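Written below as structure tokens is the structure these notes are about.
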Amino acid sequence: MEEKVTKLVEWLREQVKTAQANGLIVGISGGIDSAVVAHLIKRAFPDNSLGVIMPCKSNPKDEEDALKVVESSGIDSITIDLTETHEKLFTQIKDKLKEQNKWNEQAVKMGDANTRARLRMTTLYAVANNFGYLVTGTDNAAEWHTGYFTKYGDGGVDLVPLVHFTKGEVRELAKTLGVPDEVIHKAPSAGLWEGQTDENEMGTTYDMIDKYLKGEEVPEYDRQIIENMHKRSEHKRRLAAAPPKF
């Protein structure tokens with residue numbers, strides 16, 4: 001894993017050089033994936049990397065864990081609380097939907113969660129523009145394959161260094177990099193709502209997705225979930241669709 005870390009760091013430096021950028025930025029959520037990326041970009045650019053913590057109706061424990069990642073990596077960081085911004089924006093959206101009798105409770109709940117992710121990415125790019133940094137994504141192979149990310153949210157980034165690493169491999173990277181144990185063993189969650197976890201929402205586990213991606217046997221139930229998620233999310237892995245030139 002140390003060899004892979006070295007190659008990732010070299011790759012990150014090459015991407016910044018090619019883009020004629022100044023460094024790298026990442027949103028630090030308090031989860032393992034962003035923790036690994038924070039450590040990687042700090043190694044790649046000790047003096048030109050930044051972590052941004054962006055609470056948005058978040059569990060306070062997530063911010064505590066994010067600060068532990070900042071401490072363990074030594075990365076420069078800022079905190080921008082998006083709770084009030086999100087509340088103002090989404091209250092207006094909900095009010096207009098209710099006025100038009102277009103209210104769909106479940107759909108609005110997901111729209112709320114996706115808006116948080118898109119506000120965070122908007123914030124990252126605003127800060128990145130100030131420094132001339134590239135925005136570094138945190139999606140791993142399991143998330144990328146199943147589409148478990150928000151289009152133009154956490155999926156709207158310049159670089160995806162972990163996209164070929166399974167969740168299990170990300171854990172090994174985290175141990176090699178010195179990510180705090182409590183972050184490594186924390187139940188994966190996007191923090192979308194109280195008690196939400198990735199695996200409960202997906203209906204399968206990262207271990208099952210990892211096995212599937214490695215070509216190993218998985219139960220039929222899990223295989224169908226994984227393949228259905230991949231098919232439904234195909235649009236997320238592509239640029240905006242365009243018609244042929246007439």
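Some points to look at:
- Taken together, the residues in the range 139-183 that are without any contact (Cβ under 8 Å) to a residue 60 or more places away in the chain, of a type in the set (S, T, N, Q) and within 24 Å of Val127 (Cβ to Cβ) amount to 1.
- Leading residue by the ranking (nearest to the chain's Cα centre (by Cα)) among those in the range 161-186 that are of a type in the set (Lys, Arg) and modelled with pLDDT of 95 or more: Lys167
- Thr79 vs. criteria touching a helix residue (DSSP H, G or I) at 6+ places or on another chain (Cβ under 9 Å) and among the hydroxyl-bearing types (Ser, Thr, Tyr): yes
- In the range 202-221, of all residues being within 14 Å of Gly168 (Cβ to Cβ) and among the hydroxyl-bearing types (Ser, Thr, Tyr), the one that is farthest from the chain's Cα centre (by Cα) corresponds to Tyr212.
- Identity of the residue in the range 36-75, among the basic types (Lys, Arg) and surrounded by fewer than 20 Cβ atoms within 10 Å (Cβ to Cβ), that ends up modelled with the lowest pLDDT: Lys57
- Scanning the range 133-170 for residues that are basic (Lys, Arg) and buried (at least 21 other Cβ atoms within 10 Å of the Cβ) yields a single hit, Lys167.
- Against the list (1) within 21 Å of the chain's Cα centre (by Cα); (2) part of a helix (DSSP H, G or I); (3) charged (D, E, K, R); (4) within 17 Å of Thr122 (Cα to Cα), the condition Glu71 fails is (4).
- Residues in the range 187-210 that are among the acidic types (Asp, Glu) and modelled with pLDDT of 90 or more: Asp207, Asp210.
- Residue in the range 76-110 that is surrounded by the fewest Cβ atoms within 10 Å (Cβ to Cβ), counting only those that are part of a loop (DSSP other than H, G, I, E, B) and at pLDDT 90 or above: Asp81
- For Ala38, the stated conditions do not hold, so it cannot be described as part of a loop (DSSP other than H, G, I, E, B), among the hydrophobic types (A, V, I, L, M, F, W, C) and touching a Gly at 6+ places or on another chain (Cβ under 7 Å).
- The single condition from (1) farther than 26 Å from Gln224 by Cβ; (2) touching a strand residue (DSSP E or B) at 6+ places or on another chain (Cβ under 8 Å); (3) not in a helix (DSSP H, G or I) that Thr123 fails is (3).
The values are calculated or read from the model by the stated rules, or taken from the named source; none is laboratory data. Worth saying up front: this structure is predicted, and the values here are computed from it rather than measured. Cβ sites come from the backbone with ideal geometry, for glycine too, and all protein chains shown count toward neighbours.
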